[in-house]
Amino acid sequence: LLFSDVCLSYSYHMDDEIAKFIRRVNPPRVVIDNEVCKNVTVIKVDSANKHGILLEVVQVLTDLNLTIKKAYISSDGGWFMDVFNVTDQDGNKVTDEIVLGYIRKSLGPDDSSCYSPRSTIGVKQSVDFTVVELTGTDRPGLLSELCAVLTDLQCNVVNAEIWTHRAKAAAVLQVTDEETCSAVTDPERLSQIRKLLGYVLTGGSRSRRSCEPKTTVSSSLDETYADRKLHQLMFADRDYDEWENNVGDDEDKSGRVVPDVDVSNLHDLDYSVVMIRCKDRPKLLFDTVFTLTDMKYVVSHASIDAEGPEAYQEYYIRHTDGSPVKSEAERQRVIKCLKAAIQRRVSEGLKLELCTSDRVGLLSDVTRIFRENSLTVTRAEVKTKGGKALNTFYVKDASGYQVDAKTIDAIRQVIGQTILQVKGGNTEVKPSSQESQTGFLFGVFKSRSFVNFGLIRS
């Protein structure tokens, strides 16, 4: 057995060295062309093939907020060849030399990045902040309760991504110590954070231990951590198992349009073909490619068309062992997982943007006001830059009705008309005649401590 392990380890080492040699002999080649097409920038990437390379390329383009209009992918065998037609967020060609230079550097021969997905859940530590990962059953007021507990623990949320899908909630929060403005390092305090947040996730029930997050500590985090981790957290929580259509073929029970996903086998070529048709949105390609990659499938060929309001994606996939989808149960699982991946990031509800000076307890105060006005947060993105809080919330009425304009207007009067802006949805909000520049919330208001009256049961 020991000899077998040594041989296996030697084989893996040799395969890795051979792959590195091939990449040295044939370095990646990136060609960016702004002349061949009238309305898009064409990016061509040629390199030696490796598992996850398509995800790396899509990740770079996604992080730059580029819109992928069309793509042609071929990576069958030892070589990888991709062509992407992209535009900037305004629908124009990409002409910024800083952006173009970043693409060449990231995807070209100087790139040294390596894709290594993480699958741990809990609390992670870095020099600048502590990362808290949470999954549990969603309910109205959950985010408010979580933020209130962190505030009482003298922790400030500096960055966060929160998703909700199919009665599940997942969050990746970057928090700092209120006093030191750096990561929380005390083991006892980290344990307390995990314990109290786990108590909130279980709704105060000690019997529902399955919702309590596990705890791990890591010294480093990659910049693309949140998107991948949120997918993995919800996948681990099996949010895809909740997929049922009770209304009809085109809508689910919450009224959302269901993506059209099909998987079939080409037996003569040993491929499985994945066909996706759904409404286009930002980061759609990343979400589907990451899901297939994380499920250990290799995309050998693909064609992407998102020039209209709908996106069409066609993937020819195999397992990492070279086999196609093997059973009907596996086929259904791939379909469910892709539908869930597409819908997790769909923004439901009224979009609210908050911009103000950051402070400890800000997120707790804002989400508490949402809860007290019967609004539930379906998705949130929290950023802190240069001492400013730049937060985006998607909110819905907790009872399932359309958000009332009077409710939003009342909330804006408390928070500040210029601080909280309405950016989307069907609700028309007219500014109040008494325009508030700072709002009561950001003046003499102080957040209520959950220590004083216990956790609110929504």
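None of Ser182, Ser254, Ser218, Ser207 is in contact with a Lys or Arg (Cβ under 7 Å, 6 or more places away or on another chain), part of a loop (DSSP other than H, G, I, E, B) and either at pLDDT 65 or above or not β-branched (Val, Ile, Thr) (or both) except Ser218. Just to be sure I understand, how many residues within the range 338-389 are over 30 Å from Leu292 (Cβ atoms) and among the basic types (Lys, Arg)? Counting residues in the range 338-389 that are over 30 Å from Leu292 (Cβ atoms) and among the basic types (Lys, Arg) gives 5.
Tell me yes or no: at least one residue of the range 324-334 is out of contact with any Leu (no Cβ under 6 Å at 6 or more places or on another chain), part of a helix (DSSP H, G or I), open to solvent by less than 10 Å² (accessible area, probe 1.4 Å) and of a type in the set (A, V, I, L, M, F, W, C). Within the range 324-334, one or more residues are out of contact with any Leu (no Cβ under 6 Å at 6 or more places or on another chain), part of a helix (DSSP H, G or I), open to solvent by less than 10 Å² (accessible area, probe 1.4 Å) and of a type in the set (A, V, I, L, M, F, W, C).
Residues in the range 127-153 that are open to solvent by 20 Å² or more (accessible area, probe 1.4 Å), over 20 Å from Arg344 (Cα atoms) and under 20 Å from the mean Cα position of the chain (by Cα): Phe129 only. Filtered by the rule that a residue be of a type outside the set (Val, Ile, Thr) and more than 13 Å from the chain's Cα centre (by Cα), the range 275-298 gives Met275, Arg277, Cys278, Lys279, Asp280, Arg281, Leu292, Asp294, Met295, Lys296, Tyr297.
Yes/no matrix, rows are residues, columns are (1) surrounded by 15 or more Cβ atoms within 10 Å (Cβ to Cβ); (2) in a helix (DSSP H, G or I):
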{"site": "Lys69", "(1), (2)": "yes, no"}
{"site": "Ile73", "(1), (2)": "yes, no"}
{"site": "Phe80", "(1), (2)": "yes, no"}
{"site": "Gly91", "(1), (2)": "no, no"}
{"site": "Thr95", "(1), (2)": "no, no"}
{"site": "Arg104", "(1), (2)": "yes, yes"}
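Leu285 - would you say it is open to solvent by less than 10 Å² (accessible area, probe 1.4 Å) and not hydroxyl-bearing (Ser, Thr, Tyr)? No: the conditions fail for Leu285.
Screening the range 154-181 for residues that are of a type in the set (Ser, Thr, Tyr) and over 19 Å from Gly198 (Cβ atoms) and picking the one that is most open to solvent (accessible area, probe 1.4 Å) gives Thr180. Under the condition of being more than 25 Å from Arg166 (Cα to Cα) and in contact (Cβ under 8 Å) with a residue 24 or more places away in the chain, the residues counted in the range 304-348 number 15. Within the range 288-323, the residues that satisfy the criterion of being open to solvent by 40 Å² or more (accessible area, probe 1.4 Å) and more than 25 Å from Asp268 (Cβ to Cβ) are Asp294, Asp305, Glu307, Pro309, Glu310.
The values are calculated or read from the model by the stated rules, or taken from the named source; none is laboratory data. Not measured: the values here are computed from a predicted model. Using ideal geometry, Cβ is built from the backbone for each residue, glycine included, and neighbour counts are taken over all protein chains shown. Ligands, DNA and RNA are excluded from the accessible area calculation, which covers all protein heavy atoms including side chains. Shrake-Rupley method; radii C 1.70, N 1.55, O 1.52, S 1.80 Å.
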